[in-house]
Structure formats: structure tokens, C-alpha cells
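J.: Just dropping this structure here.
Values quoted throughout were computed directly from the atomic coordinates according to the rules given, and no laboratory measurement underlies them. These numbers come from a predicted model, not from an experiment. Ideal geometry is used to build each Cβ from the backbone, glycine not excepted, and the neighbour counts take in all protein chains shown.
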Amino acid sequence: MEQRDLRPLFSILFLFLIFFICVFPVSAVNDDVRIRIIDGKGIFIETKGEWQFSQGYLFVVKDVSDDGNVWVELSLDGVALKDDILGEGSVFTYLHNSKEIFNITLDAIYYGPDGELITFIPVYQYLDPSLPVPVSEDPDSSTNVPNIPVENNSTAENVPGFSFVMAVLSMACFVIFKRFSREK
């Protein structure tokens, strides 16, 4: 084969190489999607009180000390997962399989004659992929849980730019074939 005969082949191979470089990194990025169930809202819990989170998690304020420290515990189905002692501004984080599930900041402690009230702002809960997806009990509610996109779904419709890349590659192939077909 002459060198002139190999040009279209190398051009096509080069275009496909560019195509795979453009499309597959986008698919890999989608594999690490973190879906927020609670997006920065605040919660208020009294001493020895608890807060029920989605997917069965329970966050309990065990005790508040006189020096301003709060003992908290996170559990799932009655099994303690993590406990910690927090001061104002401290952050409680819980990771499962190296993925952050909770990020809770202790905002303030309010002391009163009936006990203490602890505010946690902001509070973030991320979807735990090892547990069932929570279902909204009120169909009219505006929570973002039912609209959760499917992870690891890299079909053509879910890969941003896929159609654009294919259109550009198709036009480039057309131009290359047109150009080389005139030379013969």
C-alpha cells in the first residue's frame, strides 16, 4: 500500500481515538455521583433527643456537658455506627465504604431550665448506595429523593456531549472521505 492509501485509515483511527478520549472520561466521572438527601438544612434536638434520618439512620444527642461539649451517636437499625464528642463549630462526619454519608455541624447549644437545645446547621445526608432508596410518603411533597438519577448509567442519553461528539466526528469523516475521494 502506498502512503497516500494509508492517510484515510490513519485519519479515521485518529478520529476514533479522539472520540474515546472524549466520551469515556465523562462516563467515569458519573460513577462517583453523590446524591444529597438533605441539603444543608438545620435540625434542633434536645438533650437525650433524637432525629430520624432517611434510610433508617438515627442521630441521638446522648448528653451535654457543662463545658459545652455534646456527646452524639449515629445508629442504623439499633446498631451504633459512630459516636463523637463535639463542641460548637465541630463537624460530625460518617463514612461508609469510603463514601461520606453524613456531614453535620454543631452550630450552637442553648441552655434552659428544662434542658438544653442543640442546633446543627448545616446538615448534609448523602444517599447510602448499600441501602434501599428512600421513598417519599407524601406524593405532593417537594423532596428531591424520588428524582434520584440512576448511578453508573452511561447510556448515550446520560453522557453529556455524546451527541455533539458524534456529530463532529461524522462531519469530520465526511470531509476526509470527500477530500480523499477527489484526489484519486
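J.: Return S65, S75, S98 ranked ascending by Cβ neighbour count within 10 Å, so the fewest neighbours appear first. Write down the numbers at each step before the final one.
T.: Values: S65 12, S75 16, S98 5.
Least crowded to most crowded, the residues run S98, S65, S75.
J.: Going by how many other beta carbons lie within 10 Å of each one, how would you line up D63, D107, D128, fewest first?
T.: D63, D107, D128
J.: Take F53, F44 and order them by how many other Cβ atoms sit within 10 Å, fewest up front.
T.: F44, F53
J.: How much length is gained on full extension from D66 to F174, taking 0.36 nm per residue of separation minus their Cα-Cα distance?
T.: 31.2 nm
J.: Another question, if that's okay. Dividing the alpha-carbon radius of gyration of the stretch 36-126 by 2.2 N^0.38 Å (N being the number of residues), what value is obtained? Can you show the working numbers first?
T.: Values: Rg = 12.4 Å, N = 91, 2.2 N^0.38 = 12.2 Å.
Compactness ratio reported: 1.02.
J.: What nm distance separates the two modelled labels at L95 and V135, each placed 7 Å from Cα along Cα→Cβ?
T.: Taking the two extended label points, one gets 3.3 nm.
J.: Check the straight Cα-Cα distances from K62 and name the lysines below 27 Å, setting aside those fewer than 8 residues away within the same chain.
T.: Straight-distance partners of K62: K41, K48, K82, K99.
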